[in-house]
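Down below is the structure, laid out as structure tokens.
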Amino acid sequence: MKPAWTSALSKKSAEQWLIFIAEGMPEEVKKILGGLQLPINDELERLHPVSSTNAGVYARLVTSRYSVPAASDRYLYVGSASKYGSGLQGRVSQHIRKGQERLVRDLRSRDLLAPGRFVTLMTMKMDSAEEEHVFEVRRTVTLAEAILTIWLGATPVPWSPSPRGCVHGIGRLSSTEHGHLTIPWK
């Protein structure tokens with residue numbers, strides 16, 4: 001872990017970080033995370049769409065561009081937004097308008113239909129443009145994104161553990177890279 005993150009995370013206990021993150025999660029997301037099995041695509045699609053200018057974490061659900069997709073043709077990407085004034089809606093607009101080159105390439109190479117569905121996993125109010133407040137929100141949102149990415153199994157290929165296996169074996173994460181399109185969803 002980088003020294004800046006070690007310093008930032010040490011300012012609060014793990015419980016305090018989790019309280020901040022859990023406060024911003026809708027109840028249906030908490031139910032999914034508390035489930036005994038990995039959620040199915042239909043459960044994720046029923047989550048509330050992104051409709052907030054608050055900071056937060058979102059999931060992008062994409063499927064095959066073919067009319068009868070196989071279960072392996074569904075993908076999940078977890079991302080975050082913390083720009084003051086535009087938040088989650090602004091981040092989704094970026095995806096739709098110009099898209100990140102790497103994600104666009106991943107979508108095309110897998111014959112997936114863009115832009116997909118964007119759902120809210122967590123929100124956090126950004127009440128002020130004051131630098132320290134913005135940094136605090138960004139730290140919390142980035143940590144929430146990492147936790148949700150791991151918990152939902154939305155880690156990059158070729159690292160593909162069994163669903164939720166990483167929750168109990170976090171040491172296996174050292175070779176992952178953030179921000180790729182993710183493992184297929186059932």
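The values are calculated or read from the model by the stated rules, or taken from the named source; none is laboratory data. Remember, it's a predicted structure, so these values are computed and weren't measured experimentally. So basically every Cβ, Gly included, is an ideal-geometry build from the backbone, and we count neighbours across all protein chains shown.
Looking across the stretch 68-86, just one residue is surrounded by fewer than 13 Cβ atoms within 10 Å (Cβ to Cβ) and at pLDDT 70 or above, and that is 85.
Farther than 15 Å from residue 120 by Cα and modelled with pLDDT under 90 - does that describe any residue in the stretch 44-57? There is no residue in the stretch 44-57 that is farther than 15 Å from residue 120 by Cα and modelled with pLDDT under 90. For the stretch 87-110, give me each residue that is surrounded by 15 or more Cβ atoms within 10 Å (Cβ to Cβ), modelled with pLDDT under 75 and assigned to a helix (DSSP H, G or I). Residues satisfying the conditions are 103, 106, 107. Annotation: of all residues in the stretch 17-42 being at pLDDT 85 or above and more than 20 Å from residue 80 (Cα to Cα), the one that is surrounded by the most Cβ atoms within 10 Å (Cβ to Cβ) is 31.
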